[in-house]
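Shown next, in structure tokens, is the structure this report addresses.
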Number of protein chains: 2
Amino acid sequence: MKREEIEKRIAQRDKKWLNKFFSHSHPADIATLLDRADDDDKAWLFSLLSSERAADVLAEVQEETARRILKELDAKRLSGIVTELESDEATDIVGELSPAKRERVLRRIKPEQRAELRQLLKYGEETAGGIMATEYVAVNDQVTADEAIEQIRAQADEVEDIYNVYVLDKNGKLVGHLPLKKLFLSSGKTKVSKIMDPEVVKITTDMDQEEVANIFSKYDLVAVPVVDKRGKLVGRITVDDVLDVMEEEFTEDMYKMAGSDGEELLTSSPFKVARIRLPWLFICLFGEMISAGVIGYFSGTLRQVIALAAFIPVIMAMGGNIGIQSITITVRGIATGRIDLSQRGKLLLREIGIGALMGTACGLLVGFLAVLRYAEFTLALIVGTAMFSAITVSATFGVFIPLAFKYLRIDPAVSAGPFITTVNDIVGLGIYFLLATLMLRWLT
Amino acid sequence: MKREEIEKRIAQRDKKWLNKFFSHSHPADIATLLDRADDDDKAWLFSLLSSERAADVLAEVQEETARRILKELDAKRLSGIVTELESDEATDIVGELSPAKRERVLRRIKPEQRAELRQLLKYGEETAGGIMATEYVAVNDQVTADEAIEQIRAQADEVEDIYNVYVLDKNGKLVGHLPLKKLFLSSGKTKVSKIMDPEVVKITTDMDQEEVANIFSKYDLVAVPVVDKRGKLVGRITVDDVLDVMEEEFTEDMYKMAGSDGEELLTSSPFKVARIRLPWLFICLFGEMISAGVIGYFSGTLRQVIALAAFIPVIMAMGGNIGIQSITITVRGIATGRIDLSQRGKLLLREIGIGALMGTACGLLVGFLAVLRYAEFTLALIVGTAMFSAITVSATFGVFIPLAFKYLRIDPAVSAGPFITTVNDIVGLGIYFLLATLMLRWLT
């Protein structure tokens, strides 16, 4: 289907054509269409969908689109949609509403689901409790395989996908899981406790979602049971939610490293984006005024050899680049669990080594270029040595600062971008002009 | 288990204790242990594992660890391990070997598996064909539900997890899928073609793995069938592989943005790392020599107002930061499919708007600071205007350059980091000194 055709039909408000088009589209494709539609069209397009279909689509649209659509819906339509959603998605949607609207919606849905949602809303949004669903299939450990199949059949209707059947003891405590394949292959009279696998990777409701994602990836899981502090099964997280979490966490990390915030995704207003980014830029601006102070302090030296100014950009840029390389590798290593604090000494030494190597190469090259350009050996010596030092120091800071942030329990991603480059600029320029002042005194 | 205890036992070469410890550890945990062990211990520790266990662990270790271990294994042990692996993992392992060793290993395994591996080795490593496995469960569309269950039972032993049962016509063409739940709930005499779902998301062998990951995430899939050009089912990709692909692609993007390469993960030698990063740094260094040329060209102006030098860092740093923000958001948007080329005009306008807003704020602030520091209105006007222009231009470039790279089919991630900052430095400093020269002429 050509995009132009769809856009034309939207502009014409051609309900009949669009209804037909939606009826044979995948909810995820309708969601993409809504994400890309003009803001004014989103709510109207969404109004064409039945509650069930609307629920599927709402679960797939971007957060910004969801917010815009939710604003336009009344409590009646909302409660119809919420009823159709899986509990984890219903919680996300209800959590987005204002407290008053939330109450109006909750009052309209069944008491059972209402209680469930209230419980789920209590968990932190970025914890295992916040992303889990309460739909899962579980059987008692004392029943037979045939009885288990009966119990599974009875529950199958509520649960979208049965990846694992969990086994509970009489107190609701998770004691194992029952792979469908094993159930398929074993005789009907066997007790579940005999065929279940008692080794089951489980997580608690308060685990951070990034850690949850790392566990899925490490153990190659498709679904994981979530238990409360007493080991009672309370929910299940499926891998499709984890894919979303991974994308979200990646994007957040990258935005933070660049001195912005994942929040930026939720708005299309340039004013709001500017407001999110400006605090970091101001910090950086004040930091660079220290750099200005450094240059101002050495203005006597600079006046003596005006050519020194020409090499300010290259010293700053190379230090900045190497700082960003080191910090990127360190931040990413911490996020994936590849790096932990116990390796700090080894890591620092390695990155100092890399820094010294690259510093030597770049120092020699820039010194050579300085001789070519200005035919001045003293200048070349100053620039080359400063380059070597700035690069080595930047590489060291690039490892040290995120590890220090991690140790202080601050998100290491925040340390990158504006912060590290500003620090490196101040230090790099300080070294450069100090060397220049000293060498000029010694050499001339 | 405390890490010190394990390290002590490794140092003592305590086979008995370690064997016992490994026997009740998850393969993924043994893999982490190997990843963190000293290089000299990795092969020895691995030698303690049975072929089956070794295969599970080898599938989980980091690529660097796998390379180190593979180097030490002979063809006999290797073929034993390869036989135990799923076809996709076996392909990865065999693909790592030298051609001669690969032949020796292939000669030792069953002809059937050998032919399969040779076929899989032909696909590009980062395509759907390169990450798919050939283990899947499929039934004919003309059999009954009961017969299908029989066929599934017969295949269940070879396939680790049955997520989906695929339905093939008599030519092996994929015509649908059969959810286990539906099979569970329907009567035994129904024909498969009546209960199967003919709508099945499928991909072709040549699709790029990043696109595969986006499809999993968009459609919330757990497994996806892979077909050849004629629509014949040839393999299956499962979500656990996709989690690895996402991590890999994301890490690669970040490394590229910082001017390095995912290859860096595969080595611990500072020399190799320096060799990977230096090309970008040299390009940046030569680029910044153009910045040096710009400053050199305007040295007359600089000599006249030496205070101009003090603001070089802040102009460069702010332009650099905003450039990185814009480029990060654009590169990430392209990678996740959130942004496509059709939105280029809207995106550019939006980012120019954000740039102009932030440029105004930062320009005013830096102008104010310049007045405070130097009590010079002309200088403040120059610095403020230059800051405004540098920021607006950087924001524009930060969107324009990755989109242009995308259009030219170059990975946009490469455009970030060193490249964009160098371009922004040259332009930003050019604007600054040009404004300074012009304004000094007009104002004094």
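Any read-out appearing in this document is the output of simple, stated calculations on the displayed coordinates, not a laboratory observation. In this text, all values refer to a predicted model and were calculated from it rather than measured experimentally. Neighbour counts are summed over all protein chains in view; Cβ atoms, including those assigned to glycine, are modelled from backbone coordinates with ideal geometry.
Projecting the Cα atoms of B:97, B:294, B:75 onto the charge dipole of the protein assembly as shown (Cβ charges, centred on the Cα centre) puts B:294 farthest toward the positive pole. For residue A:227, the amide hydrogen comes within under 5 Å of the amide hydrogens of A:203, A:204, A:205, A:234, counting only partners 5 or more places away or on other chains and with H modelled in the peptide plane. Classify the protein assembly as shown as rounded, prolate or oblate from the Cα gyration tensor: take a ≥ b ≥ c as the square roots of its eigenvalues, call it rounded if a/c is under 1.5, otherwise prolate when a/b beats b/c and oblate if not. Prolate is the answer for the protein assembly as shown, as a/c is 1.5 or above and a/b outweighs b/c.
How large is the helix-only mean residue ellipticity at 222 nm for chain B, computed as the sum of -39500 (n - 2.57) over DSSP H runs with n ≥ 4, divided by its residue count, in deg cm²/dmol to the nearest 500? Don't skip to the answer; put the middle values down first.
Numbers: 22 runs with 299 residues, N = 444.
My calculation for chain B gives -21500 deg cm²/dmol from helical runs alone.
Of all segments of chain A bounded by trypsin sites (Lys or Arg not before Pro) found in a DSSP loop with no more than 12 other C-beta atoms within 10 Å, the longest spans A:231-408.
Nothing charged except the Cβ atoms of Lys and Arg (+1) and of Asp and Glu (-1): what's the magnitude of the dipole of region B:3-125 about its Cα centre? Round to the nearest 20 debye.
It works out to roughly 720 debye.
Going through the cross-link list B:218/B:256; A:15/A:71; A:229/A:256; A:346/B:406; B:181/B:229; A:182/B:122, which pairs have a Cα-Cα distance over 27 Å in this structure?
Values: B:218/B:256 25 Å; A:15/A:71 22 Å; A:229/A:256 33 Å; A:346/B:406 38 Å; B:181/B:229 30 Å; A:182/B:122 35 Å.
Pairs exceeding 27 Å: A:229/A:256; A:346/B:406; B:181/B:229; A:182/B:122.
Normalising the average separation of contacting C-alpha pairs (under 8 angstrom, six or more residues apart) by the number of residues puts the relative contact order of region B:188-306 at 14 percent. Counting only residues at least eight positions apart within a chain, or on another chain, the lysines with an alpha carbon under 18 Å from that of residue B:76 are B:101, B:110.
Starting from the Cα of residue B:191, move 7 Å in the Cα-to-Cβ direction to define the label point; list residues of region B:130-167 whose amide nitrogen is under 17 Å from there. Counting only backbone N, you get B:139-149, B:167. Apply the a/c threshold of 1.5 to the C-alpha gyration tensor of region A:101-229 and tell me whether it is rounded, prolate or oblate. The shape class here is oblate. Taking θ as phi - 60° and the Karplus parameters 6.51, -1.76 and 1.60, the scalar couplings of region B:141-157 work out to 6, 9, 7, 8, 4, 4, 5, 4, 4, 4, 4, 5, 3, 5, 8, 4, 5 Hz in sequence order, x denoting glycine and proline. Within the straight-line cut-off of under 18 Å between alpha carbons, the aspartates and glutamates reachable from residue B:20 are A:199, B:4, B:5, B:7, B:29, B:41, B:52, B:56, sequence neighbours fewer than 8 places apart in one chain being disregarded. Binning the C-alpha pair distances of chain B at 10 Å intervals from 0 yields a P(r) profile of 4, 16, 19, 19, 16, 12, 8, 4, 1, 0 %, listed from the shortest bin outward. Averaged over A:251-258, how many beta carbons belonging to a partner chain fall within 10 Å of each residue's beta carbon? Taking the mean over all residues of the peptide, I get 6.
Rounded to the nearest 0.05, the FRET efficiency derived from the C-beta distance between residue B:26 and residue A:96 at R0 = 56 Å is 0.90.
Model label sites at residue A:275 and residue A:364, defined 7 Å from Cα along the beta-carbon direction, differ in position by 5.4 nm. Scalar couplings 3J(HN,Hα) for region B:383-391, obtained by applying the Karplus form with A = 6.51, B = -1.76, C = 1.60 to θ = phi - 60°, are 5, x, 5, 4, 4, 4, 5, 4, 5 Hz; x denotes Gly and Pro.
Angle, helix A:75-84 long axis vs. longest principal axis of chain A, Cα atoms, 0 to 90°, nearest 10? So the helix axis and the longest Cα principal axis differ by about 80 degrees. Less than 5 angstrom separates the built amide H of residue B:176 from those of B:167, all sequence-distant by 5 or more or on a different chain.
Partner shielding of A:349-359 amounts to 4, given as the average count of beta-carbon atoms from other chains within 10 Å of each residue beta-carbon.
Here's the picture: charge each Lys and Arg Cβ at +1 and each Asp and Glu Cβ at -1 in region A:262-443, and of A:323, A:420, A:348 the one pushed furthest to the positive end of that dipole is A:348. Only Cα pairs under 8 Å and 6+ residues apart enter the sum, and on that basis the relative contact order of chain A stands at 11 percent. Within region A:406-441, which residues have the backbone N less than 20 Å from the label spot 7 Å out from residue A:211 along Cα→beta-carbon, could you tell me? Zone members listed by number: A:406-414. Compared with the dominant principal axis of the Cα atoms in chain B, helix B:344-374 is inclined by about 40°. The distance between label points at residue B:376 and residue B:303 comes to 1.6 nm (points 7 Å beyond Cα on the Cα→Cβ vector). Placing unit charges on the Cβ atoms only, positive for Lys and Arg and negative for Asp and Glu, gives region B:124-221 a dipole magnitude near 760 debye about its Cα centre.
By the gyration tensor of its Cα atoms, with a ≥ b ≥ c the square roots of the eigenvalues, what is the shape of region A:156-245: rounded for a/c under 1.5, prolate for a/b over b/c, or oblate?
Values: a/c = 2.01, a/b = 1.51, b/c = 1.33.
In terms of gyration-tensor shape, prolate.
Against chain B, whose longest principal axis is taken from its Cα atoms, helix B:418-443 shows a tilt of about 10°.
A simple spin-label model places the labels of residue A:126 and residue B:63 2.9 nm from each other, with each point 7 Å out along Cα-to-Cβ.
For the protein assembly as shown, give the magnitude of the charge dipole about the Cα centre (Cβ charges: +1 Lys/Arg, -1 Asp/Glu; no others), in debye to the nearest 20.
Working: 106 positive and 126 negative charges, 278 e Å.
Using only the charged Cβ atoms, the result is roughly 1340 debye.
Scalar couplings 3J(HN,Hα) for region A:267-284, obtained by applying the Karplus form with A = 6.51, B = -1.76, C = 1.60 to θ = phi - 60°, are 9, 10, 7, x, 5, 5, 4, 4, 5, 5, 8, 4, x, 5, 5, 5, 4, 5 Hz; x denotes Gly and Pro.
Between residue B:142 and residue B:282, the FRET efficiency estimated from the beta carbon spacing at R0 = 56 angstrom works out to 0.30.
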